[in-house]
Structures are given as structure tokens and as C-alpha cells.
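One structure is given here, and the rest of the page talks about it.
The values are calculated or read from the model by the stated rules, or taken from the named source; none is laboratory data. Note that the coordinates shown come from a computational prediction; the quantities given were computed from them, not determined experimentally. Don't worry about glycine lacking a Cβ; one is built from the backbone with ideal geometry, like all the others, and counts go over all protein chains shown. These accessible areas exclude ligands, DNA and RNA; they are computed on the full protein's heavy atoms, side chains included. Shrake-Rupley method; radii C 1.70, N 1.55, O 1.52, S 1.80 Å.
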Amino acid sequence: MKEDIKAIVSQNIKRYRKKAHITQAQLAEQIGKTVEMVCQLENNIASTKLSTLEAIANVFDLEPYQLLLPREYPDYERFSPELTDLMLELQDQPKEVLEALKILLQYHKAR
């Protein structure tokens, strides 16, 4: 079953906040909201306006859409444009194709 968008946003806010090594209070101060609101967002209790999501994304130097992506999606910005294009092209391939590619890469790496 797919996760709902509120749960995904909640998980991402918490994950990016911890990755940035800032507290809920620090995040709240930077976005002009209360600590209680940040806590409720991270715990999937409350939802918020898009303008708040944009402010949160700015704190983490992200594009707002990145707060909406499930965790398993790669952070494409850290890859070269060529690799990003390749990953986007491969993402809809059948599992068998990806497994074959993985074996091929492992073989090539071992050589």
C-alpha cells in the first residue's frame, strides 16, 4: 500500500532536520513557526500550507518537491546529469532488467 503524502512529508522533515543537525526549536525559529507545530508535522499529526513546506525546504537547501518524495527515491541532484538521465530511464524497467544490469556492473567492477 502506498504511503499517504502527509506521512511522507512528516518522515522527510524529520530526516532532513536530523541530517542538518538542527533541533525542532531551531527549525521552528528559522521558518517562523512554533516548536509544537514542527513536532506535529514530524509526527504526522498536522499538515501545513505549501508556503511552510517551501520555507522548510529552503532551510535544508532543497526544492520543495523533495519533501514530497518517498525516501527510496534517490537524491538526483548529487549525481552528474548523465547518471541522472540514466537512472530516470532505468526506473521503470522490469526487475529482471535491473538485476541483469547489476550483475553486469559487478562483473565489470571485479575485472
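Applying both filters, DSSP loop and at most 11 other Cβ atoms within 10 Å, to the trypsin sites (Lys or Arg not before Pro) of the stretch 1-106 gives 2, 49, 71. For a 32 Å ceiling on Cα separation, which of these pairs sit above it: 6/95; 19/102; 18/109? Distance filter (> 32 Å) returns 18/109.
Within the accessible surface of the chain, defined with a 1.4 Å probe on protein heavy atoms only, the carbon and sulfur portion equals 55 percent. Accessible surface calculations at 1.4 Å, restricted to protein heavy atoms, place the chain at 75 Å² per residue. For the chain, modelled as a GNM whose springs connect Cα atoms under 10 angstrom apart, the maximal fluctuation among 64, 94, 81 occurs at 94. In the chain, helical runs assigned H by DSSP with n ≥ 4 each contribute -39500 (n - 2.57); averaged across all residues and rounded to the nearest 500, the mean residue ellipticity at 222 nm is -18500 deg cm²/dmol. Here Kirkwood radius over Cα pairs in Å was calculated from the structure, and among [x] 16.1; [y] 18.3; [z] 15.4 it sits at label [x].
Compared with the direct C-alpha span, the chain from residue 63 to residue 83 gains 5.2 nm at full extension, assuming 0.36 nm per residue. If you take all other residues with their beta carbon under 12 Å from the beta carbon of residue 48, and give Lys and Arg +1 and Asp and Glu -1, the sum is +1.
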